[in-house]
Amino acid sequence: MGQELIRELVILGGGTAGWMTAAALSRALNGRVSVTLVESEDIGTVGVGEATIPAITLFNRMLDIDEDDFLRATQGTFKLGIEFIDWGDIGNRYMHAFGHFPSDIQIASFEQVWQKMRRHGHAHELSAYSITRAAASAGKFMRPDESHPLLDNLAYAFHFDASLYARYLRRYSEARGVKRVEGRVVDVRQDPVSGDIAALVMEGGAVVSGEFFVDCSGFRGRLIEEVLHTGYEDWSHWLPCDRAVFVPSASNGGPLPYTRASAHGAGWQWRIPLQHRVGNGYVHSSLHVSEDEAVATLLGHLDGEALAAPRTLRFKAGMRRRAWNRNCVAIGLAGGFLEPLESTSIHLVQTAISRLLAFFPAQRQSLEDIAEFNRRSRQEYEHVRDFVILHYHATRRNDTAFWNHCRTMEIPESLAKRIRLYRAQGRIAEDNPEIFTERNWVQVLQGQGIEPEGYAAILDVVDSGDIEDYLASLRSAIASLVEAMPSHGQWLQDLQRG
Ligand code: FAD
């Protein structure tokens, strides 16, 4: 028999995390639970999350949002991957493209077969076989359709204006019954016996009570930390960047369908093309560069006129020790932050919401459920953490103290094990296939110059001649498909015309 659900849920925070949570709950709970969102315009939001990964399309589908409508409302563009410049070494350039490689060769994954062919000089770079990568490099875009089976391998995400996205989701949520309370929370009441959160006290004295609270209040974790003292696990010894200076700039030509991440002396600079402007930011380590120098580097690498004065954000890479503590779950920056290199924050918000729905609080919550929720959250954060650290660590750069630190630092054993496994025979450990899988890891490992010493023994039964022919036909099929695709700019113009 099912348990009775809680009846009143309160979300603190109206940034991307708060409104994504409100939208998803209002859709999924169908009015069975009252949802109230509290936010303060005075405090404001971080508002810089502008790049996503393909799973965001599932979130939109779950909300039944029309993708074109969403792109128009958020000045959005399509994103096919991330181009990394100067990471493996100065002059090194590669793309981590979304989408799949073909799965026609059944004996092993495409990536593994490719390792063997490449070792024998019978294959081009891995990226030559990615349709998403080919479309990105050509500035083209189309949604996958049934006109050609290779298009199944194309995947995309979006760049969008995070403040417009929050506004869009606010309209969506309010239309589905979410109550919004504007104002600053100045005090929090706890149950004197259990210690659970009972109510938020607003400036002016109004009280917002609830049975369960979702803390989306940003870095400070107004409930999960300031009230419940959950603790934060600091990962800055592995991810030393702790600041970002950022500025929008004027578009210079049609928007590229990918993010660019260019490494500098003490971090890296993002370039995120939207329809109406370009988002730029230099994520850096304040131990290795002063803020003035960081701003000068940022401004010196814009390819259009700056549209505002640069602003700064400070952060510490890590995660809250428990995402769920008492009757509170932290989602978004209140739960942790892993810096924006692989655009995973909004994705982590999305998966936290799915977990919250799967473990939705009942009147009597099992402690085992809470422990499992926290275990899954941690596993996911650690997986993303390792993937992000790889980019910094797999470098030959020795031109600055920052890169010397990243190259020589100790890395988590989980990542060291992965790299050892890959170096031996090009295999990738699959422990959390939901976010980054073989295709993602191999692109970054290869892109940054880590080569396996051998390949899987079973591949010796594969006839290299047949595979070589297959790879050649694949390249030419990709080339003709991409040739026929419309440009990304054309897509966006058509979109605006409706
Ligand atoms: P916030 O945006 O900080 O929102 C907090 C909310 O809580 C606000 O509404 C605030 O008013 C409210 N609040 C706080 N305290 C109170 C109070 N006492 N009373 C009332 N209200 C209160 N993510 C990506 O996925 N892709 C990216 O490209 C990306 N780039 C980033 C770049 C940088 C430099 C940084 C720092 C982050 C980036 N992120 C990115 C992360 C992304 O910005 C966040 O994950 C996302 O915006 C969610 O933020 P949030 O809603 O948790 O917090």
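List of remarks:
- The number of residues in the range 88-107 that are surrounded by 13 or more Cβ atoms within 10 Å (Cβ to Cβ) and modelled with pLDDT under 90 comes to 2.
- Pairs linking a residue in the range 179-199 that is small (Gly, Ala, Ser) to a residue that is open to solvent by less than 50 Å² (accessible area, probe 1.4 Å) and part of a strand (DSSP E or B), with Cβ atoms under 6 Å and 6 or more positions apart or on different chains, are GLY183/MET202.
- Qualifying residue in the range 184-191 (condition: more than 12 Å from the ligand (Cβ to nearest atom), at positive phi and not aromatic (Phe, Trp, Tyr)): no
- Where helices (runs of 4 or more DSSP H) fall wholly inside the range 10-115, the ranges with 1 or more residues that are within 11 Å of the ligand (Cβ to nearest atom) are 16-29, 56-63.
- For the range 260-273, the condition holds for no residue, the condition being that it is among the hydroxyl-bearing types (Ser, Thr, Tyr), open to solvent by less than 30 Å² (accessible area, probe 1.4 Å) and touching a Leu at 6+ places or on another chain (Cβ under 9 Å).
- GLU146 crowded, with 18+ Cβ neighbours inside 10 Å, away from the ligand (no atom under 16 Å from the Cβ) and farther than 27 Å from VAL33 by Cα: no
- The combined condition, being among the small types (Gly, Ala, Ser), within 15 Å of the chain's Cα centre (by Cα), open to solvent by less than 40 Å² (accessible area, probe 1.4 Å) and within 22 Å of ARG277 (Cβ to Cβ), is fulfilled by GLY47.
- For ILE346, the conditions (1) open to solvent by less than 10 Å² (accessible area, probe 1.4 Å); (2) among the aliphatic types (A, V, I, L, M); (3) within 16 Å of the chain's Cα centre (by Cα) all hold with the exception of (1).
- Residue ID - surrounded by the fewest Cβ atoms within 10 Å (Cβ to Cβ), chosen from residues in the range 50-71 that are without any contact (Cβ under 8 Å) to a residue 12 or more places away in the chain and among the acidic types (Asp, Glu): ASP66
- Some residue of the range 436-448 being surrounded by 15 or more Cβ atoms within 10 Å (Cβ to Cβ), among the hydrophobic types (A, V, I, L, M, F, W, C), at pLDDT below 95 and in contact with a Lys or Arg (Cβ under 9 Å, 6 or more places away or on another chain): no
- Extreme residue, nearest to the ligand (Cβ to nearest atom), among residues of the range 213-243 that are buried (at least 23 other Cβ atoms within 10 Å of the Cβ) and outside any loop (DSSP other than H, G, I, E, B): ASP215
- Verdict on LEU459 being in a helix (DSSP H, G or I) and at pLDDT 95 or above: no
The values are calculated or read from the model by the stated rules, or taken from the named source; none is laboratory data. None of the values given here were measured: they were computed from a predicted structure. So basically every Cβ, Gly included, is an ideal-geometry build from the backbone, and we count neighbours across all protein chains shown. For the accessible areas, the whole protein counts, side chains as well, though only heavy atoms, and no ligand, DNA or RNA atoms are used. Shrake-Rupley method; radii C 1.70, N 1.55, O 1.52, S 1.80 Å.
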